[in-house]
Amino acid sequence: MTQKPNQRGATRESIKATQHHWPTRSAFQPGKYLRQHQATLTESFMRLLSYPLASVMTVMVIAIALSLPGGLYVLLKNVHSVTDQWEQQSVITLYLFPELEDTQALALSHRLSAQADIASVEYISKEEGLRYFERSSGYEQIMSSLPENPLPIVLRVIPKADVDVSTLPSLQALRDQLASQKEVDYAELDAQWLQRLANILSFGQRFVYALSVLLVVAVLLIVGNTIRMAVESRRNEVLVMKLVGATDAYIRRPFLYMGFWFGVLGGFFASLCILLLSWWVSSPAQRLIELYQSGLQLQTFNADEIVLCLTISAFVGVIGAWIAVSRHIANIELQ
Amino acid sequence: MEIEFQRVGKKYESGQEALSQVSFHLQQGEMAFLTGHSGAGKSTLMKLMMMIERQTSGQIIVDGVDLRTLSRRAIPQHRRRVGVVFQNHQLLFDRSVFHNVALPLQVSGADPQQIAKRVRAALDKVGLLDKEKYNPMALSGGEQQRVGIARAVVNKPQLLLADEPTGNLDPKLSAEIMNLFQEFNRVGVTVLVASHDLALVARMRHRVLTLSQGRMVSGGGFG
Ligand SMILES: Nc1ncnc2c1ncn2[C@@H]1O[C@H](COP(=O)(O)OP(=O)(O)OP(=O)(O)O)[C@@H](O)[C@H]1O
Ligand SMILES: [Mg+2]
């Protein structure tokens with residue numbers, strides 16, 4: 001290391017004697033670490049309070065940005081819970097050839113109910129069909145005027161799989177298979193409308209996802225910008241800290257915690273917004289739901305979803321702060 | 001702390017050659033002054049020691065370690081072993097005297113009781129124990145300077161660097177501050193003080209390093 005050892009004979013010894021004083025990396029001390037983090041957590045919160053206006057604005061913008069996808073999510077959830085009930089009503093209706101005998105129809109019914117992908121088969125005889133018809137419609141007159149019962153035997157086949165977008169193709173295949181039975185005149189899968197609905201729902205879902213991504217990016221930018229300003233306003237402090245031996249990580253930490261607070265507070269107010277909004281629309285919405293289906297409860301943000309919302313927003317806050325701060329602090333150089 | 005400069009040169013990006021072929025050796029526990037005309041390179045030399053700037057030629061060896069071998073990550077650890085009083089990095093006016101002095105201890109993660117004890121000891125040394133709760137803004141120039149010194153020594157550094165610490169202080173206060181440095185030196189701290197004040201430097205009877213146009217013109221050849 002020394003190029004001129006003859007000049008100073010003591011150099012070797014002094015190197016040896018002092019080498020163990022050179023702490024390039026201090027040992028990890030959990031107590032110290034936790035203490036620092038806890039202190040930073042409270043300190044960074046105090047920092048927010050030292051720019052009250054900017055902080056409140058930032059938190060509110062985040063809350064609004066997050067409550068939009070959050071609210072749409074709740075809306076979708078409600079639509080889903082309604083359509084989940086509709087899904088179970090789907091069946092494949094088989095209209096058998098009119099000239100078919102009851103015994104043949106029963107045999108088919110038994111054969112089908114043994115099939116693996118079919119849960120049950122409901123047998124509706126010509127007479128039952130007629131009675132149903134007479135009861136439910138204003139056709140009594142016409143029906144009774146006919147010389148004989150014109151209705152075919154009907155089998156209501158309930159497939160094992162619920163009808164939704166994912167099972168639709170296999171149900172259509174089942175419908176085709178049933179239609180090809182020699183006893184079957186016509187097979188109808190009562191699900192075309194459901195496919196349309198499912199498409200609309202998945203469109204809605206993707207729309208909410210895309211919107212969430214955009215708004216999360218917006219939150220990143222908002223947090224990043226606010227934190228960048230906070231760093232800039234503390235430039236002098238950053239310089240002094242570097243001078244007295246603070247690591248970049250140490251200087252960064254309170255700003256990351258600021259991002260954390262922005263995220264958590266933003267997420268909190270977003271959740272509050274959504275809860276208030278759900279409460280506000282709850283009575284008209286409940287009436288609307290009851291029109292279609294009784295016994296359904298209006299869905300809102302539940303505890304899990306609030307925790308998820310807070311977690312995501314805290315995470316986004318920290319990431320936003322990180323992006324803003326990491327290069328910025330390294331670039332603030334002493335001179 | 002022991003410091004050796006071996007033909008150190010520093011050329012700023014502007015092309016300005018602030019130091020060239022500077023060699024000297026500061027023994028562990030030594031005290032020296034650094035003088036020279038304005039622009040001679042005194043501040044530059046101290047910045048090299050703090051790794052605020054990096055030399056463009058030669059070697060700086062601190063306690064047997066070549067500073068060029070230290071990575072960026074090792075710089076904070078190096079700075080914690082050095083106390084500095086630099087004019088342009090003065091106190092933070094958003095916190096009390098106590099918290100200004102505590103800063104070097106906080107960044108190295110000392111525990112709060114330890115911090116309080118050491119801060120008070122440092123403030124006591126500079127005679128400002130009764131002002132710990134003040135905002136530095138409310139102190140006189142000389143008192144602020146002393147708070148800066150307390151901050152520089154609170155971490156018990158092995159090297160104390162002071163760049164024009166008596167810049168605009170009256171002679172009496174200047175002498176007081178110099179005495180403070182001498183006291184720290186007496187307990188084993190290596191001290192280097194840059195100063196314009198030749199009369200004061202002469203009175204102190206320590207080794208004097210003189211820079212002129214970035215070259216060490218006297219005081220560097222022995223020690
Ligand atoms: N960051 C910089 N970039 C370019 N040139 C610089 C920089 N800092 C200092 N210099 C130049 O390097 C030379 C030495 O400057 P330095 O600050 O070390 O002098 P000094 O001895 O401390 O002077 P003073 O007594 O006035 O403080 C000067 O010519 C100065 O202009
Ligand atoms: Mg200078």
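Check the straight Cα-Cα distances from A:K242 and name the lysines below 17 Å, setting aside those fewer than 8 residues away within the same chain.
B:K47
Excluding residues on the same chain fewer than 8 positions from B:K172, give the lysines whose Cα lies under 20 Å from its Cα.
B:K125
Please compute, over every Cα-Cα pair in the protein assembly as shown, the percentage with a separation greater than 40 angstrom. Show your work: numbers first, answer last.
Values: 80832 of 155403 pairs.
That fraction is 52 percent.
If we count every other residue with Cβ under 14 angstrom of B:D197's Cβ, Lys/Arg +1 and Asp/Glu -1, where does the sum land?
So the surrounding residues net to -1.
In whole Å, what is the distance between the alpha-carbon centres of region A:224-243 and region B:65-130?
Between the Cα centres of region A:224-243 and region B:65-130 lies a distance of 18 Å.
To the nearest 10 Å², what's A:L49's accessible area with a 1.4 Å probe?
Result for A:L49: roughly 100 Å² accessible.
Would you work out which of A:P98, A:Q172, A:Y132 lies farthest towards the positive end of the dipole of region A:91-190, given +1 charges on the beta-carbon of Lys and Arg and -1 on that of Asp and Glu, about the Cα centre?
A:Q172
Mind checking the full-extension length gain between A:S283 and A:D190? Use 0.36 nm per residue of separation minus the Cα-Cα distance, one decimal, nm.
30.3 nm
In chain B, once you exclude exposed trypsin sites (Lys or Arg not before Pro) (DSSP loop, at most 15 other Cβ within 10 angstrom), what's the longest stretch remaining?
Counting only loop sites that pass the neighbour cut-off, the longest clear stretch is B:134-204.
Any aspartates and glutamates with Cα under 13 Å of the B:K133 Cα? List them, leaving off those in the same chain fewer than 8 positions away.
Straight-line reach from B:K133, under 13 Å: B:D94.
Run the dipole for chain B about the Cα centre, Lys and Arg Cβ at +1, Asp and Glu Cβ at -1, nothing else charged, and hand back the magnitude in debye, nearest 20.
Roughly 340 debye, rounded to the nearest 20.
Given region A:91-190, report the % of alpha carbon pairs whose separation exceeds 24 Å.
Working: 1370 of 4950 pairs.
Considering region A:91-190, 28 percent of its Cα-Cα pairs are separated by more than 24 Å.
Accessible area lost on pairing B with A, both sides, 1.4 Å probe, Å² to nearest 100?
3300
Restricting attention to region B:127-222, which chymotrypsin sites (Phe, Trp or Tyr not before Pro) occupy a DSSP loop and are surrounded by at most 11 other Cβ atoms within 10 Å?
B:F222
Within the set of other residues whose C-beta is less than 14 Å from the C-beta of B:K10, count the net charge using Lys and Arg as +1 and Asp and Glu as -1. Kindly include the intermediate steps, with their values, before the conclusion.
Values: positive: B:R7, B:K11, B:K42, B:K47, B:R54, B:R68, B:R215; negative: B:E13, B:E17, B:E53.
My count for the surroundings of B:K10 gives +4.
Working out 0.36 nm times the residue gap between A:R135 and A:S170, then minus their Cα-Cα distance, what length gain in nm do you get to one decimal?
Length gained between A:R135 and A:S170: 9.1 nm.
Within chain B, what whole-number % of the accessible surface is contributed by carbon and sulfur, with the 1.4 Å probe and all protein chains included in the calculation?
In chain B, the share of accessible area belonging to carbon and sulfur is 49 percent.
Measure nothing fancy, just the Cα-based angle from helix B:97-107's long axis to the longest principal axis of chain B, in degrees from 0 to 90, nearest 10.
Approximately 60 degrees, to the nearest ten.
Does region B:97-218 classify as rounded, prolate or oblate by the C-alpha gyration tensor (a ≥ b ≥ c root eigenvalues; a/c under 1.5 gives rounded; else a/b over b/c gives prolate, otherwise oblate)? The partial results should precede the final answer.
Details: a/c = 2.23, a/b = 1.63, b/c = 1.37.
Judged from the Cα gyration tensor, region B:97-218 comes out prolate (a/c at least 1.5, a/b above b/c).
Of the GluC sites (Glu not before Pro) in region A:266-335, which ones lie in a loop per DSSP and count no more than 11 other C-beta atoms within 10 Å?
In loop regions of region A:266-335 (DSSP not H, G, I, E or B), the sparsely surrounded GluC sites (Glu not before Pro) are A:E333.
So which GluC sites (Glu not before Pro) in region A:144-244 end up in coil per DSSP with only 15 or fewer other C-beta atoms within 10 Å? Please list the in-between numbers first.
On the way: sites: A:E148, A:E183, A:E188, A:E232, A:E237; in loops: A:E148, A:E183.
Hits after loop and neighbour filter: A:E148.
Give, ordered by residue number, each residue of region B:1-42 whose 1.4 Å probe accessible area is reduced by a minimum of 20 Å² on adding the remaining protein chains to the chain alone.
Residues passing the criterion (a loss of at least 20 Å², heavy atoms only) are B:E2, B:E4, B:Q6, B:R7, B:H25.
By how many nm would the segment from B:Q213 to B:Q87 lengthen if fully extended, with 0.36 nm per residue of separation less the alpha-carbon distance? Walk me through the numbers before you get to the answer.
Values: separation 126, 0.36 × 126 = 45.36 nm, distance 2.16 nm.
Contour length minus Cα-Cα distance gives 43.2 nm.
Taking 30 Å as the cut-off for C-alpha to C-alpha distance, list the pairs among B:K10/B:K117; B:K10/B:K131; B:K131/B:K156 that go past it.
Too far apart for the 30 Å limit: B:K10/B:K117; B:K10/B:K131.
Cβ under 14 Å from B:L180's Cβ, B:L180 left aside: what net charge do those residues give with Lys, Arg +1 and Asp, Glu -1?
Once positives and negatives cancel, what remains is +1.
Can you compute the FRET efficiency between A:D304 and B:A116 using 1/(1 + (r/R0)^6), with r the Cβ-Cβ distance and R0 = 51 Å? Round to the nearest 0.05.
Efficiency computed from Cβ-Cβ geometry: 0.70.
How many Å² of accessible area per residue for region B:1-57, probe 1.4 Å?
For region B:1-57, the solvent-accessible area averages 37 Å² per residue.
The values are calculated or read from the model by the stated rules, or taken from the named source; none is laboratory data. Quantities reported herein were computed from a predicted structural model and do not represent experimental measurements. As a convention, Cβ positions derive from the backbone with ideal geometry for all residues, glycine included, and neighbour counts pool all protein chains shown. Please note that ligands, DNA and RNA were not included when accessible areas were found on the heavy atoms of the full protein model with its side chains. Shrake-Rupley method; radii C 1.70, N 1.55, O 1.52, S 1.80 Å.
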